[in-house]
Structure formats: C-alpha cells, structure tokens
Amino acid sequence: MKKETLQSIGMAGGIIGLAAVAAWMGLAHGCEAPNTQSTITGRVTIAPELASKVSPTDTLFVIVRRPGGTPRPLAAKRIDGPQFPVSFEITSADVMVQGTELRGMVDLIARVDKDGKAGQPQPGDMEGQYDKNPTLPGGKDLEIVIKKVY
C-alpha cells in the first residue's frame, strides 16, 4: 500500500476510536440541542420462583448507572408496591443531579427493595439487570428479569 493510503486509514481509525470513547462517556452529542429522545422504556418481570417473596410494602427501583463507574445512579425511578410485570419510563426528568442529561452508554438495573430506602442492596432485596447492558438512552421495550436475591 502507498504511504498516503496507510496514513488515511490510520487517521480514520483514530477518529473512529475518539468517537467511540466520546459515546461511551456520554460526550458524543455535547454540541447538539438537548435530546428529547432521552428516554428508556421497558418492563420489569420477576422470576417465577421469586414472585412469592414480593410483598405490598416493597419498593421497585429502576436504576440507570454509568458502566464501570461509581455505584451512584445517574437516574432512578421509584415504584411503590410493584405488581409484576411493571412497565417503566425513565427520562431526563429522573436524573439524580439537576442539569445532568440522560445520554451516553448506561447500565440498567432493577431492584426490589424491602425497606424502601435507596442505597446498597440489603439481605432479602432482589435484583436483575438488562441482559444487553450497556445500552443507550432511546431504547424501547427493554426487558429486565429480577432473578437474584441478596
């Protein structure tokens, strides 16, 4: 191959790599107007063998986090007294820090919490996650199955 061709391929690879890092960090759309499609919708179900462990006083949290980041959620939706299956919609209105946008790669987790207090899982809490984590906001009909007990 010619030297110019190899240089062009190298530059294209570098640009693609930078774009991938920017998307991963949620920076890819930094110069655009706020995305009105910053929603994640889906449904949470529970494994049949765990269904009897859910009580009317439990709370379901649908949690959005950065992959490999801190355990602090980017956004969360609280649903008291869940009756499965539970549909959810998470938007930028559900972010934990005002001014933060729901964008970039995220992990989606659902937790049945026995004491109704957000935080680390406690014994008896149950959890599941979207099988195709990480994902991007804009996903529709995402399915989370709760199948783990702490």
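Every number in this text was worked out from the coordinates using simple rules, so none of it is lab data. Please read these numbers as outputs of a predicted model, since none were measured by experiment. Using ideal geometry, Cβ is built from the backbone for each residue, glycine included, and neighbour counts are taken over all protein chains shown.
Assign unit charges at the C-beta atoms only (+1 for Lys and Arg, -1 for Asp and Glu), then state the dipole size of segment 40-149 relative to its Cα centre in Debye, rounded to the nearest 20.
In total the dipole reaches around 200 debye.
In the neighborhood of Leu50, defined by Cβ-to-Cβ distances under 10 Å, what is the net charge if each Lys or Arg adds +1 and each Asp or Glu adds -1?
Value of the local net charge: +2.
Under 20 Å from the Cα of Lys3, which lysines turn up, not counting those fewer than eight places away in the same chain?
Here the lysines satisfying the reach criterion relative to Lys3 do not exist.
Straight-line reach from Lys140: which lysines fall under 27 Å, measuring Cα to Cα and dropping same-chain residues less than 8 apart?
In chain and number order, the partners are Lys77, Lys132, Lys148.
Of Glu49, Glu101, Glu143, how do they rank once you tally other Cβ atoms within 10 Å and put the fewest first?
Lowest count first: Glu49, Glu143, Glu101.
Please arrange Leu136, Leu102 by counting, for each residue, the other beta carbons lying within 10 Å of its beta carbon, fewest first.
Going from sparsest to densest Cβ surroundings: Leu136, Leu102.
Would you list Arg103, Arg72, Arg43, Arg66 from fewest to most Cβ contacts within 10 Å?
Arg72, Arg43, Arg66, Arg103
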